[in-house]
Amino acid sequence: MNPVECIEFRSSNTNNALLGHADFFVPKMGLEIHNCSVLRSSKTGHRFLNFPSRKLEEEWVPLIRFRNKQHDALFQKHALEAVDRWCEENQQEKEEEPGLPF
């Protein structure tokens, strides 16, 4: 069992750092996390996640976060691997379906 599963990934068609948004499921906890931003650093090329956030006054504040940086790093690793698996599996399905224009 994978520690983090990607339920869905919605690719972004912009040319900026935003690659898309993903929804995750953490089976061990029975927890779903929706609308995480998947980004790529323009400086390093490193991919990372931002948890859902909302604007309070003049700044964006995450709705959830890990207190422990190691836990955050481990979740990031597993979540990005889950996005890769989801994209791989769904790309294969698209290639097998006849008549799709993409």
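Bear in mind that the values in this text are calculations on the coordinates, not laboratory data. None of these values were measured; they are calculated from a predicted model. FYI the Cβ positions are ideal-geometry reconstructions off the backbone, even for glycines, and counts take in every protein chain you see.
Amide hydrogen proximity for Gly20: with H placed 1.01 Å from N in the peptide plane, the residues at 5 or more positions away or on another chain lying under 5 Å are Ser12, Val38. A simple packing score, the average count of other Cβ atoms within 10 Å per residue, orders the peptides 37-46, 5-14, 20-29 as 20-29, 5-14, 37-46, with the highest score first. With the largest listed first and rounded to whole Å, the semi-axes of the equivalent ellipsoid of the chain from the Cα gyration tensor are 25, 18, 13.
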